[in-house]
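The values are calculated or read from the model by the stated rules, or taken from the named source; none is laboratory data. All values derive from a computational prediction rather than experimental measurement. Neighbour counts are summed over all protein chains in view; Cβ atoms, including those assigned to glycine, are modelled from backbone coordinates with ideal geometry.
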Amino acid sequence: MGSFMTTVRNMGWNLTHRLGIVDIIDILIVAIILYELLLLTRHTRGSALLKGLFLLFVIAILSNLLGLVSVNWLLTAILKNGAIVLVILFQPELRKALERMGRSKVINKGKKRSLDDEEEIIIAEIIQTINDLSRRRVGALIVFEQKTGLQDIIETGTRLDADISAPLLENIFEPNTPLHDGAVVIRDNQIMAAACILPLAEASGVSRELGTRHRAGVGISENTDAIVLIVSEETGIVSMAKDGQLTRPLTNDMLTDILNDIFAGETPWFSSLLQGMRKGETSHE
């Protein structure tokens, strides 16, 4: 613990006597990282772990001042391996942070493309399905895969690899049928699987009035960039889960806009660049 406290004291001395522009930038970067970590762990079990680590740090300083040798030895062993401990404790939060970095607009910035005829038909079929299920108050959970792959979720259900149609979707969610309990996962223009099991939401902000279907929808949107449409079995209200947040109720216009955005997607900037280069080569020929 002595070496640890020496490092802390040296850091404090450097901050008060040798503070330069580079040091200020360094401190700001660390502050931003810590702030983002706090945001990621807010309303999750990670927030309690973070508080516990801070308390551990305070106890380490007090034990050194009071000369508690045994406590110092124990805390030294923990703090010297702090990086490994953080990775183990905050694995879900770190994974989420890395996924967000990979999906950032800077990396994936592209152009919206126009819908083709097939996609317009698919959107109409999904809207018809959701409206019919909502009117009859039949529960539904439809997950649209985005940039984060959902293969592990697909493998928990029954594989279909079927074209999207209103009759098929309605039949899947029909009560007392083999596949009605669980989620449907859609990738591109295909129904990949039905009766899939989703992780439940960790966020404490989810209303207690909402059932397991809504918590599952919010849960998968917390861990991935998937967009989820949910039809309530009790009220028939249509909701959307995205980025761990629930939006409800959805009007027909809102539902249309959401599906248009999902299927239009974005052409990645590097794909646009390659397409432009190919067009240039063709014109020269």
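Structure summary
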read-out: Flag if Ala241 is buried (at least 18 other Cβ atoms within 10 Å of the Cβ) and either assigned to a strand (DSSP E or B) or among the polar types (S, T, N, Q) (or both); value: yes
read-out: Within region 143-167, considering residues that are farther than 21 Å from Val218 by Cβ and part of a loop (DSSP other than H, G, I, E, B), the one nearest to the chain's Cα centre (by Cα); value: Glu155
read-out: Conditions (1) in contact (Cβ under 8 Å) with a residue 12 or more places away in the chain; (2) over 28 Å from Thr235 (Cα atoms); (3) in a loop (DSSP other than H, G, I, E, B); number of the one not met by Glu118; value: (3)
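Table: residues versus (1) exposed (fewer than 14 other Cβ atoms within 10 Å of the Cβ); (2) of a type outside the set (S, T, N, Q); (3) modelled with pLDDT of 95 or more.
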position: Glu145; (1), (2), (3): no, yes, no
position: Ile153; (1), (2), (3): no, yes, no
position: Thr177; (1), (2), (3): yes, no, no
position: Gly182; (1), (2), (3): no, yes, no
position: Leu200; (1), (2), (3): no, yes, no
position: Ser207; (1), (2), (3): yes, no, no
position: Val218; (1), (2), (3): no, yes, no
position: Asn223; (1), (2), (3): no, no, no
position: Leu229; (1), (2), (3): no, yes, yes
